[in-house]
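Chemist: The structure's right below; bear with me while I get my questions together.
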Amino acid sequence: MSINFQEINPALQFMFFIASPLITLSAVAVAYHALYRQAKPSISIYYEPNPDIASIIDLVIINSGGSAAKDLTFSPPIPINRYGIEKADSNQEDTFNYTIRHLSAGRELRYRAGQFAGLREVIPSDLEVTANYSFKSPIRSKKANDISILDIRYLEKAQSSNSATTTLSDALRGRNNTIFIQVSKNISDVTKELKNINNHLKEFKK
């Protein structure tokens, strides 16, 4: 059905010609915003227990967005390598103050942050950290930032234990008292006894 503009009220014609471009621009803006959100990185920073070693806390930096973040920096620098379980070890202090040149979408980086008491001393309450980066939008390269709130207090009562791999590795190296150490000691004792018997046999043959 065709529209005869001569039969339409002039006021309605004016509104139609004004509204039509606005509707088109709105549709374009919505489409661009959707593409922008899909293309934008999303950087999250948080502390969590190390999956393998009990009492150790990791710093995790993850890009859960739709594209790579480039020249990623953090403000203020993030505390890491802060050790101490009951009391902070003041001899070990460091911050993550580096530039990550490229962090792909879906990529996670994990760093050794320290232990609870050491981190609690420098983060007694929430620490707001801004991640600044650049990325390629649908039209051009742009700069953006994401804010994360670092909190260590929720880990105070968290239960943790070494993974099976770490426990086995420590056992084989003699770092904990397990059946592996007892077996190793028994084998050593048996070896000594066999050597003594062998020496006695040699003496007897003479």
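The values are calculated or read from the model by the stated rules, or taken from the named source; none is laboratory data. Quick caveat, the model's predicted, so the values are computed rather than measured. Note that each Cβ is placed from the backbone with ideal geometry, even for glycine, and that neighbours are counted across all protein chains shown.
Chemist: Take the residues of segment 57-78 that are more than 14 Å from the chain's Cα centre (by Cα) and either among the polar types (S, T, N, Q) or over 18 Å from S134 (Cβ atoms) (or both): which is surrounded by the most Cβ atoms within 10 Å (Cβ to Cβ)?
Modeler: S67
Chemist: Would you confirm whether any residue within segment 43-55 is touching a helix residue (DSSP H, G or I) at 6+ places or on another chain (Cβ under 6 Å) and acidic (D, E)?
Modeler: Checked segment 43-55: at least one residue is touching a helix residue (DSSP H, G or I) at 6+ places or on another chain (Cβ under 6 Å) and acidic (D, E).
Chemist: Suppose we filter segment 73-129 for residues that are at negative phi, assigned to a strand (DSSP E or B) and touching a residue at least 24 places away in the same chain (Cβ under 8 Å); how many remain?
Modeler: The qualifying residues number 20.
Chemist: Among the residues of segment 23-72, write down those that are at positive phi and either in a helix (DSSP H, G or I) or modelled with pLDDT under 95 (or both). Let's see the steps before the verdict.
Modeler: Taking segment 23-72 first, the residues at positive phi are 55, 71.
If the condition is that a residue be at positive phi and either in a helix (DSSP H, G or I) or modelled with pLDDT under 95 (or both), then S55 is the only one that fits.
Chemist: Among the residues of segment 83-95, is there at least one that is under 16 Å from I61 (Cβ atoms), buried (at least 17 other Cβ atoms within 10 Å of the Cβ) and at pLDDT below 95?
Modeler: Looking through segment 83-95, none of the residues is under 16 Å from I61 (Cβ atoms), buried (at least 17 other Cβ atoms within 10 Å of the Cβ) and at pLDDT below 95.
Chemist: Quick test for you: out of L109, L103, pick the one residue that is crowded, with 19+ Cβ neighbours inside 10 Å and at pLDDT 95 or above.
Modeler: Answer to the check: L103.
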